[in-house]
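In what follows, a structure is listed as structure tokens, so that the remarks can point back to it.
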Amino acid sequence: MSMTNTVHPVPLARRDAIAALLQHRRDALVVTGLGSPTYDVHAAGDRDDNYYLWGAMGGAALVGLGLAQAQPTRRVLVITGDGEQLMAFGSLATIAVARPRNLDIVVIDNHHFGETGMQASHTGRGIDIANVAAACGFASTRTVRTPQDIADTGEHLHAASDGPRLFVIKVAAENPPRSLPARDAVHIKNRFRAHLGFPAG
């Protein structure tokens, strides 16, 4: 009896992967999860249409859902981490049932809880977030492992979809220097509202 081992490429560098993906964002509204995903997006370039979440651990995907429903003519891109999405598994079911056609969720997966000491996360023990999303009924899911996968995913971001999509980007377990946007949540909210043409509230 022979066994075949699946060989995966070396995990991607998170900053490089996110910077490469965001080159394809065009005018997509971006919501970032708590901690490292916020630092990664900010390091790629601060923009008024970035909505950084400084709190509400586990809330990124559902904030993205609300934004996608409120702005149906705009693409919404949520960039979050495996730890946050594990904390919010139920959000995948809610998003699948709501079935927005303009929402993409990107999960940066390093198999660790990077914000609390790099403890091993469930994804390093076999939990596959892309499979969970597919089982919930997402229109499409994909696991991204190589620079070419990043390029293909970026090109796919603006393709028409009949429902939400989820992409898991496998990255190395590393803690690059923090790139910190403003920590004033009211300022972040008001500039995001201004970008959308709403008054500060």
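Every read-out reported here was derived from the displayed coordinates using simple, explicitly stated rules and does not represent laboratory data. From a predicted model like this one, the values you see are computed outputs, not experimental measurements. Methodologically, a virtual Cβ is constructed for each residue, glycine included, from the backbone with ideal geometry; neighbour enumeration extends over all protein chains shown.
Numerical summary
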{"read-out": "Top of 89, 138, 167 by mean-square fluctuation, Gaussian network on the chain, Cα under 10 Å", "value": "89"}
{"read-out": "Helix-only CD estimate at 222 nm, as mean residue ellipticity for the chain, using -39500 (n - 2.57) per DSSP H run (n ≥ 4)", "value": "-10500 deg cm²/dmol"}
{"read-out": "Average Cα contact separation per residue, the chain, under 8 Å, 6 or more apart, as relative contact order %", "value": "26"}
{"read-out": "Förster-model FRET efficiency, 25 Å R0, residue 94 and residue 158, C-beta, rounded to 0.05", "value": "0.55"}
{"read-out": "Shape category assigned to region 16-167 from the gyration tensor of Cα positions, a/c cut at 1.5", "value": "rounded"}
{"read-out": "Under the Karplus curve 6.51 cos²θ - 1.76 cosθ + 1.60, θ = phi - 60°, whole-Hz ³J(HN,Hα) for region 93-106, x wherever Gly or Pro sits", "value": "5, 4, 5, 4, 5, 5, 6, x, 8, 10, 10, 10, 10, 10"}
{"read-out": "Integer Hz, Karplus 6.51/-1.76/1.60 couplings in order for region 140-157, x for Gly and Pro", "value": "7, 9, 7, 9, 10, 10, 10, x, 5, 4, 4, 4, 5, 5, x, 5, 6, 4"}
{"read-out": "Value of D in µm² per second that Stokes-Einstein yields for region 151-201, Kirkwood Rh from Cα pairs, at 20 °C (1.002 mPa s)", "value": "142"}
{"read-out": "Sequence ranges 145-157, 31-43, 91-103, ranked by mean other-Cβ count within 10 angstrom, highest first", "value": "31-43, 91-103, 145-157"}
{"read-out": "Cut-off under 5 Å, modelled amide H: who pairs with residue 144 long-range", "value": "168, 169, 170"}
